[in-house]
Amino acid sequence: VSLTLTYFPVRGRAEVIRVMLKDQGAEFDEKVITMEMWKESTLKASCVSNPLFGQLPIFEDGDLTLYQTNAIRRHLARKLGLYGKDQREAALIDMMDEAIQDLLNKYIKLMFEKDDSGKEGYLKALPTDLKPFEKTLSGDKGSFLVGDKISLADYALVILLIHHQVLSPPCLHAFPSLQSYLKRLCARPNLHAYFHSDDFKNRPIIPGKRT
Amino acid sequence: MGPYTITYFGVRGRCGAMRIMMADQGQEWKEIVVDFADWMKGDLKATCVFGQLPKLEDGGFALYQSNAILRHLGRNHDAYGKDGKEAALIDMMCDGVEDLRLKYVKMIYQEYDTGKDVYIKDLPNHLDKFEAVMAKNKTGFLVGDKPSFADYSLFEVLLNHLVLCSSCLDTFPSLKSFVEKMSARPKIKTFLDSEAYKKLPINGNGKQ
């Protein structure tokens, strides 16, 4: 059964899907849509009329076509066993993931601002957002956000932390558990290979030069 | 599962959908109402994983984040589709509802006086997607043939939009019918007619 991701040639909201599939060694095709193609084509219109939402990414798993990044991620997590060992872990993974999405949305808002004026305030507030994850990962609890296996939420957090270090290299200085978590996850063989690949490195975080 | 306890402020807010869901599923729950001034003192806030409410307790298990709570209830009460495909479509719908909810909340709290008219004017561009799905599915629900947590979330957000603009579903017959049918489900009707529901404002700033 073939997996296909359709997205712009950026990391953006789809990168977390790529990271999950790469780490799990799941093969997938990519259809790249440039902004010009998106504006001119009927693809956007068809996204609106047939499901919906007029947005990318689109993900195809055989005859199932999905929109909404987080719905795609959850589908893959269920398929690949990345959603905890039971219902309770699944709920905690959802909880962690929702909080990560809150921070991601703030980050995206900052990235698309016209100038740097919001950056200082953002970085000042960042430790408050990172603290709950630091707390979760500290102590002898284990190597992942929930349970003893990598999950949906871990992939979202790892790429978010990587991008925050691009935004502000010292942002994890006060968070030793997050630092060691990031180091540990990035040392996973498939992720190590992917993060060092030209494929990853040459893909901008968002359209344009802002990082 | 259960007993359930919700800890939240004295509003419908982000607990609206989960309360309707639990009511429809025949579940009883306890409400711990938090006074906002007390909240600002910080003691309870410090115990919350992300410093936020709502909190759901399911027996001894504490959960935060309203959409995580909806999904947990979905798993508990067989309201997450009959298979992986339906689950994925339900997730997609719920995320679409969340996008609309975020826009609504932004308008209510940040731009009500200046932005309300523009918001109402733009609303059909967001509702048309749900209308299309509802019309295509033909069962009276977004996905499959029984209510999922996405249906409860959509229903609740539409109820709030009808308060904002009572004619907003006039050009969306499937959504209008959906709201009517959901409202008529016996346990939902009882809940919506109750003091517990009616006494709570939708939003924390009194705007609606």
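For the range B:131-172, the tally of residues that are under 18 Å from B:Ile120 (Cα atoms) and in contact with a helix residue (DSSP H, G or I) (Cβ under 8 Å, 6 or more places away or on another chain) stands at 17. Filtered by the rule that a residue be surrounded by fewer than 16 Cβ atoms within 10 Å (Cβ to Cβ) and free of Cβ contacts under 8 Å to residues at least 12 places away in the same chain, the range A:88-105 gives a lone residue, A:Asn105.
Against the condition out of contact with any Pro (no Cβ under 7 Å at 6 or more places or on another chain) and closer than 19 Å to A:Asp97 by Cα, how does B:Tyr119 come out, does it pass?
Against the criterion (out of contact with any Pro (no Cβ under 7 Å at 6 or more places or on another chain) and closer than 19 Å to A:Asp97 by Cα), B:Tyr119 does not qualify.
Scanning the range A:75-89 for residues that are in a helix (DSSP H, G or I), more than 7 Å from chain B (Cβ to nearest Cβ) and within 18 Å of B:His77 (Cα to Cα) turns up just one, A:Glu89.
Only one of the numbered conditions (1) assigned to a helix (DSSP H, G or I); (2) under 28 Å from B:Leu70 (Cβ atoms); (3) more than 14 Å from every other protein chain (Cβ to nearest Cβ) is not met by A:Glu98, and that is (3). Entry remark, the range B:153-208: residues being of a type outside the set (Phe, Trp, Tyr), touching an Asp or Glu at 6+ places or on another chain (Cβ under 8 Å) and surrounded by 13 or more Cβ atoms within 10 Å (Cβ to Cβ) number 8 in total. Only one entry in A:Thr65, A:Thr69 is at pLDDT below 95 and buried (at least 22 other Cβ atoms within 10 Å of the Cβ), namely A:Thr69.
Failed condition for A:Gly139, given (1) crowded, with 17+ Cβ neighbours inside 10 Å; (2) closer than 26 Å to A:Asp86 by Cβ, with all others met? So A:Gly139 meets the others, but not (1). Filtering the range B:20-78 to residues that are within 13 Å of chain A (Cβ to nearest Cβ), farther than 20 Å from B:Leu154 by Cα and among the β-branched types (Val, Ile, Thr) leaves B:Thr47, B:Val49.
The values are calculated or read from the model by the stated rules, or taken from the named source; none is laboratory data. All values derive from a computational prediction rather than experimental measurement. Please note: Cβ atoms are built from the backbone with ideal geometry, for glycine as well, and neighbour counts cover all protein chains shown.
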